[in-house]
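Each remark here refers to the structure printed beneath this line.
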Amino acid sequence: MSTKDAKTKDAKSFTFDTVSNHPNFPSMEEEILKQWEKKDTFQESMRRSREAKLPEYMFYDGPPFATGLPHYGHILAGTIKDIVTRYAHQTGHHVERRFGWDCHGLPVEHAIDKKLGIKTKEDVLEMGVDRYNAECRSIVMRYSGAWREIITRCGRWIDFDNDYKTLDTSFMESVWWVFKQLHQKNLVYRGFKVMPYSTACTTPLSNFETAQNYKQVRDPSVIVNFPLLKDGNTCLLAWTTTPWTLPSNVALCVNLTFEYVKVKDHKTGKNYILAKSRLPFLYRGLGGGKKAPENGGGGAGKKKRKKNKKKKKKAKEEAKEESKKDTEPKTDNQEGKKKPEKKAPFDILEELKGADLVGLEYVPLFDFFKDQREKNGAFRVVSDEYVTDGSGVGIVHQAPAFGEDDYRVCLANGIIKRGDDLVCPVDDNGIFNKQVGENLAGKHVKGKGSDSADSTICRMLKADGRLVMKEEYDHEYPHCWRSDTPLIYRAVPSWFVNVPKIRDKIVENNKKTFWVPDAIKTKRFHNWLVDARDWAVSRNRYWGTPIPVWTSEDGKEIVVVGSIEELTELSGVQDIKDLHKDVVDKIAIPDPRGKGYPPMKRTPEVFDCWFESGSMPYGQLHYPFENKEAFEAKFPADFIAEGLDQTRGWFYTLMVISTALFDKPAFKNLIVNGLVLAKDGRKMSKRLKNYPDPKHILSEYGADALRLYLINSPVVRAQELAFKEMGVKGVVKDVILPWYHAMKFFIENARRYEDKTGKAFSYDVKAQVETKNKMDKWILLRLDSIIAFVRKEMKVYHLYTVIPELVKFIDHLTNTYVRFNRDRMKGIDGNMEEANYSLQTLYHVLLNLCRLMAPFTPFLVEFMYQNLKVGLTQESQEDSVHFLMIPETKEKIEGGDTADYAIEAMACVVDLGRSLRSDHCSVPLKTPIRRAMIVHRENKFVNAAVELEGYIKDQLNCKCLDSTTDLEKYANYEVSPNRKLLGVRLGRKQSAVSKALMALKMADILKFQKDGKITVEGEEVDLKEVDLDLKMNPDIVTKEFVGQSNGQVLVILDLKMDDELLTEGKAREVLQSIMNLRKTAKLNPEDYVDVYYTTVDAKEEKITFEKAISSNEDMFKAKLRTLPKKSSTMPKGVTVIAKAVSKIGEGTITTILVKPSAKEAPAKK
């Protein structure tokens, strides 16, 4: 597989084609996508695993809505799913991957409502449910093309052609079957409950939907009075933050155990009854004049704080003046005088118990429902323990149509009765009806502004003398997750699943599942399950799977239908092709009691779309009507993954339904991802445009970079990620480019090897065993270790540990193995056998890394594999790297362990040495130094490093490498006592012991190090109680003799220069300028050119360019396969390829690359 900009075919005969110096990864990925599509690579992989009858790995894909475009949250979850399912396939499983679409519910209806300007239920009925549903159907898959484009572009392999849709009749029929099963298990009932209700969508919501969208809002908070029927001057007080519910008041509720008081209010002359503990809330002077916390005290927002800033400053100044007065001497008149106490604005007339108030009757706030006193005994005081004294006044007003506790309390006290109509002057759209008079009729209960329902009610109450106090109240309030409008609590008839009945089983089934991270399962999800309530599964909407319940007109007969066949049999209607509301509502079922009764009609509700998504394991396979054995053989699913928000959504509904049906969890393993935020930590917003378009990221950096960035982040541990474009760019720079260039370097030098030896490169597996090179052994051991690590961690779905280690391995490969073996692979010293061993090792690692990284970066590994596979025998080659399995680990790599230690020792020495050379930049790295020395106390370390002497000398550019364990001669130890440890053990004596430790002589420290303990100041000190830091002996440090240590090993450099070293240094800089010009001219390593030069030497420089070149002819010939010549000798009429001027030191050199004549070019062997 190739791309025009990334790969070039040769005229010469080489095994490997060259690849670009400047790869365009997005273009490369687009080309690979075309090849996959042309060859149908994904389906071919599925066909192979199916025909091989590999064990099946079951994966469920949670269905998204196709009414919006995919965002980074979808890309993240999709990437996790793709990695896990690709890995499962490449470890010997058959993995069906079907995409799913959530086609019903509020998202679709809300879009149609906006499009058609539909505001009420009546608008829909006037239009006709059939036309309304047709409109919904028309937009369901509006963005499916965009979803397919972006998901495919991200490299995810999933079957869009064999997808499932919740609107398919087969899926809907399975949902009916699920519901009937629950009904037969007595887990379904129809009830009248106060529930969160969306007035914008005219439907109740479940408790977990309500929890999805809380917002900080400011609402009016009021205290109103209720005069007693028998004593008009004595009033019960009640506090509420929903004034719009006051017209529906039918009772007041107290707590039997609370202490209440009757007080005379000085301002109004009225008697007020409230909880004694809540007097400071009503009379703020008693509480220091501060706003109560429940009304936003201490946190009323920035605007309020700004307004109060000047007041606070003034108060502070006044307090300062008062403080000054307090420090002044008091006069006789002042002495002993007490500040007069502020008189309370009320008198306590009587103390009462809550029980004393029960049964008292009061005057209703409005006359709208005054007949309720005679009908149901309304407008009296009742009691319940839910009343608290933590807020308000200890008396709660009751509006049973709008409060769950209100409904329960009024039902228990006979103020309302089951089956009777409630006092509810609010329609399905949240609008007051005519029952509450013309001042309120037509107003929305959650409207804002001076003409809102709340404001109008407050004005009416004030005019009647019933408003005691009004202020603003800041609090968190639930909003509709789809329309983003405030919810209300409203009594509505709904169909429920009795979750508490099976709650213990759900909790137990949750324990059988494996979650990443585990804390979400054991804490967040577990806590949600143990408090699980009845689940409202019906919605008073139109576009959804209809609830399959037919009832008689008198409500005494009920039939739950579980299939199309059953509906046909019961109704006599044949050829039913669609189960949507506009179709099945026309189907009647004869009443089983006979012809004297009207036919049964379907209940009007449809299913909540969460019930459908929780039924997807069954609906996608049309279970149990089809695929019965296949489903039952692989249930529960092996794996699912979604975002943290699905803890109370899809994860929950899957668990509830599977437990109800089979007493099993629906899945075995689950990865929960966190939320992807904008770079400023805020929620991504189209309106704010605070995040880059995914298409831009894909076209700029490529899908592999985006995948690695997302997976190598806290978001795979269910934490948040602030998405930064620079992070994706960093992945390209730090991981993908170095990895790509490692492959490019291999190809260049395999061609160089072929050019020099005349032998074609062919993968030789025996080379891994035969090589004696420590670095070969080391990288092979590291490869084996990372394979074992990936296999172990992927078994437990730990993507967050796998990716960092893979990235680290790529760094080892590129920054250690390739860098240290560059000249060896090039065969600079003429040893082509060693060149072959190093190339064979790199080839083996690159091939296996492609297979190992295939689930994570599917595009780059495909490109690499297509370029590398030509080194394999024809029968070993595959059409795609994704047809290959994840590599297996080897039993043992001979010499691997010692090689690992030696490479660590070498890397440590090189890092210290290069850092030291960087610090002393008066001697550039290209200028060789005479000597380097390794100082370490252990022979093992010194010997291991010296084994790799050639690499160390090459990396430090030094002529000689010495080593010693004679620490006393070259080094000192600094002793740092662990004062915390010593203090716990020695107490006050710690200080003297620490001082003595720091004063130890080098000989004593070495003995301490050898023995592991030492006695000072009469106390024995363990080596673990100190830190020993190795430093260069300051007595031997000079400007030209310097050292650096990491605390354990010391590297010393001799920086003294002579003419030989300076001459070679200048020659290296000339050579580098020539190599840079070759790169600019886009020459391949095997391309032979003649080199000519012109120089201008600085007068003060002793070493000329000509001397530098002539003194180092072997180096130039080894690197360039030619010796640079003076431009005065350049023949006329030659073809100049490239020319450049370079400044080196104080002089300049002009380099010219010339195309050689046929007789000058070296013949291929």
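Based on this model, can you work out whether Gln212 counts as closer than 27 Å to Lys114 by Cα and either assigned to a loop (DSSP other than H, G, I, E, B) or of a type in the set (Val, Ile, Thr) (or both)?
On the way: closer than 27 Å to Lys114 by Cα: yes; either assigned to a loop (DSSP other than H, G, I, E, B) or of a type in the set (Val, Ile, Thr) (or both): yes.
Against the criterion (closer than 27 Å to Lys114 by Cα and either assigned to a loop (DSSP other than H, G, I, E, B) or of a type in the set (Val, Ile, Thr) (or both)), Gln212 qualifies.
Can you name the number of the only condition in (1) open to solvent by 10 Å² or more (accessible area, probe 1.4 Å); (2) not assigned by the TED database to the domain that holds Val716 that Ala519 fails?
Of everything listed in (1) open to solvent by 10 Å² or more (accessible area, probe 1.4 Å); (2) not assigned by the TED database to the domain that holds Val716, Ala519 misses just condition (2).
Being in a strand (DSSP E or B) and crowded, with 18+ Cβ neighbours inside 10 Å: is that true of Cys201 here?
On the way: in a strand (DSSP E or B): no; crowded, with 18+ Cβ neighbours inside 10 Å: yes.
So Cys201 fails the test.
Suppose we filter the range 95-126 for residues that are more than 21 Å from Leu167 (Cα to Cα) and open to solvent by less than 10 Å² (accessible area, probe 1.4 Å); how many remain?
Matching residues across the range 95-126 total 1.
Just one of Val984, Val1016 is among the β-branched types (Val, Ile, Thr), under 46 Å from the mean Cα position of the chain (by Cα), more than 30 Å from Thr1063 (Cβ to Cβ) and at pLDDT below 90; which is it?
Matching residue, one of Val984, Val1016: Val984.
Kindly establish whether Tyr753 is in the same structural domain as Leu847 (by the TED database) and not in a helix (DSSP H, G or I).
no
Identify, by number, the condition in (1) in a strand (DSSP E or B); (2) of a type in the set (Val, Ile, Thr); (3) surrounded by 13 or more Cβ atoms within 10 Å (Cβ to Cβ) that Thr1063 doesn't meet.
Result: Thr1063 fails condition (1) only.
Pick from Thr210, Thr234: which is among the polar types (S, T, N, Q), in contact (Cβ under 8 Å) with a residue 12 or more places away in the chain and over 24 Å from Gly649 (Cβ atoms)? Before you say what the answer is, go through the steps one by one.
Values: Thr210 fails: over 24 Å from Gly649 (Cβ atoms).
From the options Thr210, Thr234, the qualifying one is Thr234.
Within the set of pairs 6 or more residues apart or between chains, which connect a residue that is under 21 Å from Asp966 (Cβ atoms) and in the same structural domain as Pro1034 (by the TED database) inside the range 996-1016 to a residue that is surrounded by fewer than 17 Cβ atoms within 10 Å (Cβ to Cβ) and not hydrophobic (A, V, I, L, M, F, W, C) with Cβ atoms less than 9 Å apart?
From the range 996-1016, the pairs are Met1002/Glu968; Ala1003/Glu968; Leu1006/Glu968.
List the residue pairs whose Cβ atoms are under 8 Å apart, where the first residue sits in the range 1023-1052 and is outside any strand (DSSP E or B) and at pLDDT 90 or above, the second is of a type in the set (Val, Ile, Thr) and surrounded by 14 or more Cβ atoms within 10 Å (Cβ to Cβ), and the two are 6 or more positions apart or on different chains.
Val1049/Val909; Val1049/Ile934; Val1049/Val935
From the list Lys668, Lys634, which residue is at pLDDT below 95 and out of contact with any Phe, Trp or Tyr (no Cβ under 6 Å at 6 or more places or on another chain)?
Values: Lys668 fails: at pLDDT below 95.
Selected residue: Lys634, the only one of Lys668, Lys634 that is at pLDDT below 95 and out of contact with any Phe, Trp or Tyr (no Cβ under 6 Å at 6 or more places or on another chain).
Which one of the conditions (1) more than 30 Å from Phe25 (Cβ to Cβ); (2) under 31 Å from the mean Cα position of the chain (by Cα); (3) open to solvent by less than 50 Å² (accessible area, probe 1.4 Å) does Asn162 fail to meet, given that it meets all the rest?
(3)
What pairs come out if I take residues in the range 918-935 that are closer than 18 Å to Ile1036 by Cα and pair them with residues that are open to solvent by 60 Å² or more (accessible area, probe 1.4 Å) whose C-beta lies under 6 Å away, six or more apart or interchain?
Final answer for the pair search is Arg930/Lys959.
Within the range 759-775, track down each residue that is open to solvent by 40 Å² or more (accessible area, probe 1.4 Å) and either in a helix (DSSP H, G or I) or among the small types (Gly, Ala, Ser) (or both).
Ala760, Ser762, Val769, Glu770, Lys774
As an exercise: evaluate Asp406 against (1) under 28 Å from Val124 (Cβ atoms); (2) among the acidic types (Asp, Glu); (3) buried (at least 21 other Cβ atoms within 10 Å of the Cβ) and give the number of the one condition it does not meet.
For Asp406, the exception is condition (1).
Yes/no per residue for (1) open to solvent by less than 60 Å² (accessible area, probe 1.4 Å); (2) of a type in the set (Gly, Ala, Ser); (3) under 30 Å from Val909 (Cβ atoms):
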position: Arg1068; (1), (2), (3): no, no, yes
position: Leu1071; (1), (2), (3): yes, no, yes
position: Lys1102; (1), (2), (3): no, no, no
position: Glu1113; (1), (2), (3): no, no, no
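Is it the case, given these coordinates, that Thr816 is of a type in the set (Val, Ile, Thr), more than 26 Å from Asp1114 (Cβ to Cβ), outside the structural domain of Gly78 (by the TED database) and open to solvent by 10 Å² or more (accessible area, probe 1.4 Å)?
When the stated conditions are applied, Thr816 passes them.
Out of the residues in the range 465-492 that are in a loop (DSSP other than H, G, I, E, B) and touching a Leu at 6+ places or on another chain (Cβ under 8 Å), which is most open to solvent (accessible area, probe 1.4 Å)?
In the first step, residues of the range 465-492 are kept if they are in a loop (DSSP other than H, G, I, E, B); the result is 465-466, 480-485.
From the residues that got through so far, the ones that are touching a Leu at 6+ places or on another chain (Cβ under 8 Å) too are 466, 480-483.
On the way: Arg466: 23, Cys480: 0, Trp481: 50, Arg482: 81, Ser483: 19 Å².
Filtering first and then ranking leaves Arg482.
Can you pull out the residues in the range 938-962 that are surrounded by fewer than 19 Cβ atoms within 10 Å (Cβ to Cβ) and either in a strand (DSSP E or B) or touching a residue at least 60 places away in the same chain (Cβ under 8 Å) (or both)?
Glu947, Asp954, Lys959, Cys960, Asp962 - these are the residues of the range 938-962 that are surrounded by fewer than 19 Cβ atoms within 10 Å (Cβ to Cβ) and either in a strand (DSSP E or B) or touching a residue at least 60 places away in the same chain (Cβ under 8 Å) (or both).
Scan the range 897-920 and give yes if some residue there is under 30 Å from Lys792 (Cβ atoms), of a type in the set (Ser, Thr, Tyr) and not in a helix (DSSP H, G or I), otherwise no. Lay out the reasoning, then the answer.
Narrowing the range 897-920 to residues under 30 Å from Lys792 (Cβ atoms): 897-908, 911.
Of the ones still in play, those that are also of a type in the set (Ser, Thr, Tyr) are 898, 901.
This time we only want the ones that are not in a helix (DSSP H, G or I), so: none.
No: the range 897-920 contains no residue that is under 30 Å from Lys792 (Cβ atoms), of a type in the set (Ser, Thr, Tyr) and not in a helix (DSSP H, G or I).
Could you please find all residues in the range 1014-1060 being out of contact with any Lys or Arg (no Cβ under 9 Å at 6 or more places or on another chain), open to solvent by 80 Å² or more (accessible area, probe 1.4 Å) and closer than 16 Å to Glu974 by Cα?
Correct list: Lys1024, Asp1027, Lys1031, Pro1034, Asp1035, Asn1046.
Within the range 576-589, identify whether any single residue is in a helix (DSSP H, G or I) and either surrounded by fewer than 20 Cβ atoms within 10 Å (Cβ to Cβ) or among the hydroxyl-bearing types (Ser, Thr, Tyr) (or both), and answer yes or no.
Checked against the condition, which is being in a helix (DSSP H, G or I) and either surrounded by fewer than 20 Cβ atoms within 10 Å (Cβ to Cβ) or among the hydroxyl-bearing types (Ser, Thr, Tyr) (or both), the range 576-589 yields at least one hit.
Would you call Ala146 closer than 22 Å to Leu205 by Cβ, open to solvent by 10 Å² or more (accessible area, probe 1.4 Å), aliphatic (A, V, I, L, M) and at pLDDT below 90? Step through it out loud before you land on a result.
Details: closer than 22 Å to Leu205 by Cβ: no; open to solvent by 10 Å² or more (accessible area, probe 1.4 Å): yes; aliphatic (A, V, I, L, M): yes; at pLDDT below 90: yes.
Against the criterion (closer than 22 Å to Leu205 by Cβ, open to solvent by 10 Å² or more (accessible area, probe 1.4 Å), aliphatic (A, V, I, L, M) and at pLDDT below 90), Ala146 does not qualify.
Just name the residue that is surrounded by the most Cβ atoms within 10 Å (Cβ to Cβ) out of those in the range 819-846 that are of a type outside the set (Val, Ile, Thr) and outside any helix (DSSP H, G or I).
Asn821
The values are calculated or read from the model by the stated rules, or taken from the named source; none is laboratory data. Since we're looking at a predicted model, the values are computed, not measured. Because the Cβ atoms are built from the backbone with ideal geometry, glycine has one as well, and the counts that use them run over all protein chains shown. Accessible surface areas use protein heavy atoms only, side chains included; no ligands, DNA or RNA. Shrake-Rupley method; radii C 1.70, N 1.55, O 1.52, S 1.80 Å.
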